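Asks: Input: one structure, supplied below.
The values are calculated or read from the model by the stated rules, or taken from the named source; none is laboratory data. It should be emphasised that the depicted structure is a prediction, and the values quoted were computed from it without experimental measurement. No Cβ is skipped: glycine too gets one built from the backbone with ideal geometry, and neighbour counts run over all protein chains shown. Note: accessible area is taken over every heavy atom of the protein model, side chains too, but ligands, DNA and RNA are not part of it. Shrake-Rupley method; radii C 1.70, N 1.55, O 1.52, S 1.80 Å.
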Amino acid sequence: MAIVNVSLQVIPNVPESQIYPVVDKVIDMIAKSGVKYEVGPMETTMEGELDLLMEIVKKAQGICVSEGASRVCSVVKIDYKEEGVTMDEKISKYR
């Protein structure tokens, strides 16, 4: 199975003071999943097998709801190519 990149931005419908704590719980779940990831100011990008990353996306929705969100708007971007794609190949020249 090819390695892909999936970027996830969750926007939980909670009071503004609770947005960062809810997002922090999602990022903590991603960190504990063991996949390679990088947090950005607008989204978190993950690297791994597509099925696993999509399971993480589903779990993120559940975390938001369990933390009190009545609704969750998520933006998901997938960078896929058959032979695989890594974050390093895209951004290493900028580091």
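Asks: Failed condition for residue 74, given (1) touching a Ser or Thr at 6+ places or on another chain (Cβ under 6 Å); (2) surrounded by 13 or more Cβ atoms within 10 Å (Cβ to Cβ); (3) in a strand (DSSP E or B), with all others met?
Replies: For residue 74, the failing item is (1).
Asks: Now, a different point. Do we have any residue at all in the stretch 78-91 that's modelled with pLDDT of 95 or more and in a strand (DSSP E or B)?
Replies: Yes, some residue in the stretch 78-91 is modelled with pLDDT of 95 or more and in a strand (DSSP E or B).
Asks: Show the residue pairs that are 6+ apart or on different chains and have beta-carbon atoms under 6 Å apart, the first residue being within the stretch 69-95 and closer than 20 Å to residue 54 by Cβ, the second being among the hydroxyl-bearing types (Ser, Thr, Tyr) and surrounded by 14 or more Cβ atoms within 10 Å (Cβ to Cβ).
Replies: Between residues of the stretch 69-95 that are closer than 20 Å to residue 54 by Cβ and residues that are among the hydroxyl-bearing types (Ser, Thr, Tyr) and surrounded by 14 or more Cβ atoms within 10 Å (Cβ to Cβ), the close pairs are 77/7.
Table: residues versus (1) open to solvent by less than 30 Å² (accessible area, probe 1.4 Å); (2) of a type in the set (Val, Ile, Thr).
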position: 3; (1), (2): no, yes
position: 7; (1), (2): yes, no
position: 13; (1), (2): no, no
position: 19; (1), (2): no, yes
position: 25; (1), (2): no, no
position: 30; (1), (2): yes, yes
position: 37; (1), (2): no, no
position: 44; (1), (2): yes, yes
position: 80; (1), (2): no, no
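Asks: Output the number of residues of the stretch 1-25 satisfying the condition of being over 19 Å from residue 51 (Cβ atoms) and free of Cβ contacts under 8 Å to residues at least 60 places away in the same chain. Full working, then the answer.
Replies: Residues of the stretch 1-25 that are over 19 Å from residue 51 (Cβ atoms), as a first pass: 9-25.
Filter once more, so that each one left must be free of Cβ contacts under 8 Å to residues at least 60 places away in the same chain: 14-25.
Going through the stretch 1-25 one residue at a time, the tally reaches 12.
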